[in-house]
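One structure is given here, and the rest of the page talks about it.
The values are calculated or read from the model by the stated rules, or taken from the named source; none is laboratory data. This one's a predicted model, so the numbers in the text were calculated from it and none came from an experiment. Quick reminder, even Gly has a Cβ in these numbers, built from the backbone with ideal geometry, and neighbours come from all protein chains shown. Ligands, DNA and RNA are excluded from the accessible area calculation, which covers all protein heavy atoms including side chains. Shrake-Rupley method; radii C 1.70, N 1.55, O 1.52, S 1.80 Å.
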Amino acid sequence: MNNDFKLRSFLIFSLFCFFYFILLINLYTIQIVRANYYANLANKQHLITTKINPPRALILDRNNKPVALNKESLSAFILPHKLEEPEKLKTFLQRNFPNALTRLKTNKNKYFMYVKRKLSDSELELIEKSNLKDIKVLKEPSRFYPVESMATVVGVTDIDNNGLFGIELQFNKSLAGTPKVVTLEKDARSGHFYFKKETLKEGTSSQLIKLTIDSELQYLIQEELNETIEKLQSKDGNVIVIDPNTGDILAMVNVPSFDPNNTTILDMEMTKNKVIADAYERGSVMKIFVALAAFEEGLTTPDELIDCENKEIVTIDRMTFSTWKAHGILPFSQVLEKSNNVGMVKIAQRVGKKLYDHYLKMLFATKTDIPLPGEQKGFITHPKNWSKRSIVSLSFGYEITATLIQLARAFCIIANMGYSVKPKLIFDQKTEKSQEPIYSEQSINWIREIMQNTVNQGTARRAAIKGYNIMAKTGTANIAINGEYSKAKNMYCCAGIIEKHHYKRVIVTSIREANIPNALASNTAVPLFEQIAEKILIHDKLIQ
């Protein structure tokens, strides 16, 4: 009996020892051998690492008016792996969001799937009325653009609020900032956050962008341009306004454009900023620079008499070309004012290959490096590739293409008495002007007087505004289509300067095609120039 008790006691003790030994081994395994594994498992249950994005920064105009704001948009989502009413949901999606149903069929086991992002008011109402348990709605950051006329400059963001084009794309990193990375402790069972929040990596704040554009002026110019395009039944029109003293771009308008707050269906052609992205042969407006080169080289003077041969079609050195109107002997100043091609060819032939150097000196075929995507640099035929006819073409604006911003930059040289200035779009950037004039005062003064007379009595008469010094030059150019020039399709341009005392503005207007009889720059781009100039002067409170 006593031996049986001892045996049972020994067995029980041994069993306890065995279990205690197993327990010790397990504790050793958990706490020592597999300590890292269980620590990581616990962390996965208790800790969440997440990114916190700073709010996207505003974009402002020169007067601190927001042209890009933040707003919350609503998006609908489902959890495909645990649907409560799958058949009811599929019927609803088939009727209202068929694309989402297609995605659901191939993603049945996903934990999360968007039905539609950036819901419209009608879509949100539809979802709310459906009373479907499986469709939930969340708030997401997005953008709102209060000034529609700024669309081709400011651009838009995509569905994830990243810049798609325009300023939004060019300065995406600055506008977005970088996210802060944090760990949050939570109750593994309930999922509610508690305890501490620890920052693993500091983010950087987003930085606002302030533009030189005056958004109110931009709107006024777009209104005027819209009316002109409709009246002329034109393909498109573009305008740029620069303060030549600072290089500030005050307006950069493109019509047609697009609604930046409704990008569901987006024609990418409408999003182009054609002021910087379209380089065309500009026609007679380039004669100003041919004359400037001739003056600077000492090859002519404004009062030199030039025989324009009193013909509309002329042959010089076996090259036949035309001019819009026959003139006889004219002072060179009037050759420019009346835009006679014959006289211009004769002067351009004197300049010869140096004309190419002067075009480069005026920064044609050179980008402005404006901080916007899509800028074109234009083109000038190099003298080594010239044909016998090239000097003829170059004398009245062919074999050289330029964007509107390049043309405006070149006219700033005339407005600044020979000093070049770099166009700028960001308000806080330093003004970059040439240290010395690149053209002499005499050459510039001669050009300015000719441009004044072009307004007072030449092809730009409709640009005149009483009480202001207006200098301008027009250009009409056939558009090259598939390697051939079309007489039916033209670019019409007027570039000029408004001045009164220290006040200066450079304006360039451009119209592509016009469905009116006898269309020329003088009855398309020039009236637009004058109307825009008046609006600028009223806006700037120079006209009461």
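Could you tell me how many of the residues in segment 384-414 are among the small types (Gly, Ala, Ser) and touching a strand residue (DSSP E or B) at 6+ places or on another chain (Cβ under 7 Å)? Give the steps one after another, and end with the answer.
Step one: filter segment 384-414 for residues among the small types (Gly, Ala, Ser), giving 387, 390, 393, 395, 397, 402, 408, 410.
When the remaining residues are screened for being touching a strand residue (DSSP E or B) at 6+ places or on another chain (Cβ under 7 Å), the result is 397, 408.
So the answer is 2.
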Practice task
Sort out which residues of segment 53-99 are touching a residue at least 60 places away in the same chain (Cβ under 8 Å), farther than 30 Å from residue 215 by Cβ and of a type outside the set (A, V, I, L, M, F, W, C), and write them in order of number.
Solution key: none
Practice task
Would you check if residue 479 is open to solvent by 10 Å² or more (accessible area, probe 1.4 Å), closer than 20 Å to residue 521 by Cβ and β-branched (Val, Ile, Thr)?
Solution key: yes
Handout entry: Matching residues in segment 78-100 - criterion: being at pLDDT 90 or above, hydrophobic (A, V, I, L, M, F, W, C) and open to solvent by 10 Å² or more (accessible area, probe 1.4 Å)
Key = 92, 97
Handout entry: Failed criterion for residue 455 (all others in (1) open to solvent by 20 Å² or more (accessible area, probe 1.4 Å); (2) at pLDDT below 95 hold)
Key = (1)
Problem - segment 119-150 - residue that is of a type in the set (S, T, N, Q) and not in a loop (DSSP other than H, G, I, E, B) and, of those, farthest from residue 58 (Cα to Cα) - result: 130
Fill in the blank from the handout: Of those in segment 260-282 that are more than 13 Å from residue 166 (Cα to Cα) and at pLDDT 95 or above, the residue most open to solvent (accessible area, probe 1.4 Å) is 280
Completion exercise
The correct count of residues that are surrounded by fewer than 24 Cβ atoms within 10 Å (Cβ to Cβ), among the polar types (S, T, N, Q) and within 24 Å of the chain's Cα centre (by Cα) in segment 494-544 is 0
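Report yes if residue 388 is of a type in the set (Lys, Arg) and open to solvent by 20 Å² or more (accessible area, probe 1.4 Å), otherwise no.
yes
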Problem - Which listed residue, of 444, 400, is closer than 27 Å to residue 300 by Cα and under 32 Å from the mean Cα position of the chain (by Cα) - result: 400
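Being within 17 Å of the chain's Cα centre (by Cα) and buried (at least 17 other Cβ atoms within 10 Å of the Cβ) is the filter here; which residues of segment 352-373 pass it? Don't jump to the end; show me each part of the working.
Going through segment 352-373, the residues within 17 Å of the chain's Cα centre (by Cα) turn out to be 367-373.
Scanning segment 352-373 gives 368, 370, 372.
What residue, of 200, 225, is modelled with pLDDT under 95 and farther than 25 Å from residue 157 by Cα?
Details: 225 fails: modelled with pLDDT under 95.
Result: 200 is the single residue among 200, 225 that is modelled with pLDDT under 95 and farther than 25 Å from residue 157 by Cα.
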Exercise for the section: Looking only at segment 435-450, decide whether some residue is open to solvent by less than 30 Å² (accessible area, probe 1.4 Å), of a type in the set (Val, Ile, Thr), in contact with a Ser or Thr (Cβ under 6 Å, 6 or more places away or on another chain) and not in a helix (DSSP H, G or I). Expected result: no
